[in-house]
Amino acid sequence: MHIETLKVFCDVVETGSFSVAASQNFITQSAVSQQLRALETKYHCKLLERSRGGAKPTPQGAILYKASREIIDKYQDVEAELQHSCDVVGGHLRVAIVYSVGLHELPVYLKEYLRAYPDVNVHVEYSRPNKIYDNVIAQQIDLGIVAYPQKHPQIVTIPIREDTLVLACPPDHPLANAKKVSVAKLEGEPFVAYEKDIATRKATDQLLRNNHVTVQYVAEYDNIETIKRAVEIGQGVAIVPLPAIRHEVEKGTIRIADLSDQNLSRPLGIIHKRGRHLSPAAEKFIEVVKREDLPL
């Protein structure tokens, strides 16, 4: 039995998905099915049940999963130590990242990383923050990149940098030509925002409460791209990270202003599971993402 087959089995159990497991292991969904059938043939029992809710382990599958997870964790620790001792950077790296950072800040760092370490197979997925935390804890990913990192007993946070938050306005909005806008000026404004459980929205709400300002939330979205489109068509104004909106500012489809009486920024951080032995590939990724000499 190959260690790779056990890892594929664990990934299916943890994600509940054959297609996600295939993507994480850089193989086809058909190959995943073949490997799992081989395991069931070897042990003469059914290991997985498939339903609308995804793939779930049978009682026999749960037994194999527990043992396999321990084997894989130990194998990955040994592999990382060997790579460290031989100064080798290779293997697989799984990273999950929030949309606004992944789409607008990660590309330049990812390009540099792939150039410097071509032997690493990198799997990048865009996800919501709560899922990134869950996947880091479950070891379904190696690293996560989030805004406003939260303290958690099972997670280590490595600060990266802070993004400036700005006010985004449609070009014909009364505040569109202002370089600076006080928070008080936002009173009663139609507002486009992130959904309530997203950290940037929570920070925006706190800012408004601290300044005793009430806005009219007209739309809530889970990603920066939809927020920008809503601002462009005049649904309202929004408070967003500057790196995520530079393209629209250059095109003139959105105008921005600094918040004059606030130094508003959102911290970014890389997270990984506490106690996990990071591979050289993961350590080098952290080094590249922390660099300050790469232009966004």
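Here, each number is a calculation from the coordinates, and none is a lab measurement. None of these values were measured; they are calculated from a predicted model. Neighbour counts are summed over all protein chains in view; Cβ atoms, including those assigned to glycine, are modelled from backbone coordinates with ideal geometry.
Below are the figures for this structure:
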| read-out | value |
| --- | --- |
| Nearest 10 degrees, 0 to 90: helix 29-43 Cα axis against the chain principal axis | 40 degrees |
| Prolate/oblate/rounded label for segment 204-296 (Cα gyration tensor, a/c 1.5) | prolate |
| Value of relative contact order over the chain, rounded to a whole percent, pairs C-alpha under 8 Å and six or more apart | 23 percent |
| Alpha-carbon Rg/Rh ratio, for segment 161-267, with Rh computed the Kirkwood way | 0.91 |
| Solvent-free Debye scattering, log10 I(q)/I(0), computed from the Cα coordinates of segment 1-88 at q = 0.11 Å⁻¹ | -0.32 |
| Share, in percent, of DSSP beta bridges within the chain that are antiparallel, nearest 5 | 55 percent |
| Which of GLN235, LEU82, GLY16, positive extreme of dipole for the chain (C-beta unit charges) | GLY16 |
| Members of LYS111/LYS290; LYS151/LYS284; LYS196/LYS290; LYS151/LYS196 lying beyond 21 Å, as alpha-carbon distances in this model show | LYS151/LYS284; LYS196/LYS290 |
| Segment 30-137 - convex hull of the alpha-carbon atoms, volume per residue in Å³ | 159 Å³ |
| For the chain, the fraction of alpha-carbon pairs in successive 5 Å shells from zero, as % | 1, 5, 11, 14, 14, 13, 11, 10, 8, 6, 4, 2, 1, 0, 0 |
| Partner lysines for LYS179 [C-alpha distance under 22 Å; skip if fewer than 8 residues away on the same chain] | LYS228, LYS251 |
| Estimated 222 nm signal from helices in the chain, with DSSP H stretches of n ≥ 4 weighted -39500 (n - 2.57), rounded to 500 | -13000 deg cm²/dmol |
| Low-density loop cleavage sites - trypsin sites (Lys or Arg not before Pro) in segment 24-91, where at most 14 other Cβ are within 10 Å (DSSP) | LYS46, ARG52 |
